[in-house]
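Reviewing the structure listed below.
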Amino acid sequence: MKRDQAEELKSLQDTLYFIGGKWRIPVINSLCNGNRRFREIERSIPGITTRMLSKELKEMEMNKLVKRTVYDDSPVTVEYEPTEYCRTFGNIIMEMINWGRDHRKFIQKNKE
């Protein structure tokens, strides 16, 4: 069966849009590793600014990747968690981590 390259390209572009940018994957990784509160997530990602994390979480919530829950405590507590839909990306993230680890070893091994 002949593959539809136009459809493959569109799907690839959709994926790249989703993971595009410097911070989306680290935020998902942080959430999937159990960080729930804004400051926990922020501390787990070196270099991310408060403003950028806020922007990423809002976009991810709009795209049904993150669920935001506000608890009416004193003070008010806000927690984030990855949705089941977001978790479907977990295997891809693990493959990216493994590839990156292998690539780093390959480059270090083959330095001239």
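Data table
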item	result
Any pair with Cβ under 6 angstrom, 6 or more apart, that starts in the stretch 14-26 at a residue that is under 17 Å from residue 51 (Cα atoms) and ends at one that is of a type outside the set (Val, Ile, Thr) and in a helix (DSSP H, G or I)	23/52; 23/56
Residues (farther than 15 Å from residue 78 by Cα and either over 13 Å from the mean Cα position of the chain (by Cα) or in contact (Cβ under 8 Å) with a residue 60 or more places away in the chain (or both)) located in the stretch 28-47	28, 29, 32, 43, 46, 47
Complete set of residues in the stretch 59-96 that are aliphatic (A, V, I, L, M), over 22 Å from residue 22 (Cβ atoms) and assigned to a loop (DSSP other than H, G, I, E, B)	76
Condition check for residue 77: among the polar types (S, T, N, Q) and touching a residue at least 24 places away in the same chain (Cβ under 8 Å)	yes
Condition check for residue 57: surrounded by 14 or more Cβ atoms within 10 Å (Cβ to Cβ) and under 17 Å from the mean Cα position of the chain (by Cα)	yes
Residue that is farthest from residue 85 (Cα to Cα) [pool: residues in the stretch 13-44 that are crowded, with 17+ Cβ neighbours inside 10 Å and of a type in the set (A, V, I, L, M)]	41
Residue 47 being in a helix (DSSP H, G or I), small (Gly, Ala, Ser) and either over 12 Å from residue 24 (Cα atoms) or at pLDDT 95 or above (or both)	no
Qualifying position, being over 13 Å from the mean Cα position of the chain (by Cα) and among the polar types (S, T, N, Q), among 83, 88, 77, 15	77
Members of the stretch 79-112 found to be under 21 Å from residue 40 (Cα atoms) and either touching a Ser or Thr at 6+ places or on another chain (Cβ under 7 Å) or hydroxyl-bearing (Ser, Thr, Tyr) (or both), listed by number	79, 80, 83
Test result for residue 38, more than 14 Å from residue 24 (Cα to Cα), touching a Phe, Trp or Tyr at 6+ places or on another chain (Cβ under 9 Å) and aromatic (Phe, Trp, Tyr)	yes
Selected residue (only one of 25, 48 is touching a helix residue (DSSP H, G or I) at 6+ places or on another chain (Cβ under 9 Å), among the β-branched types (Val, Ile, Thr) and over 20 Å from residue 88 (Cα atoms))	48
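The values are calculated or read from the model by the stated rules, or taken from the named source; none is laboratory data. No experiment lies behind these values; they were computed from the predicted model shown. No Cβ is skipped: glycine too gets one built from the backbone with ideal geometry, and neighbour counts run over all protein chains shown.
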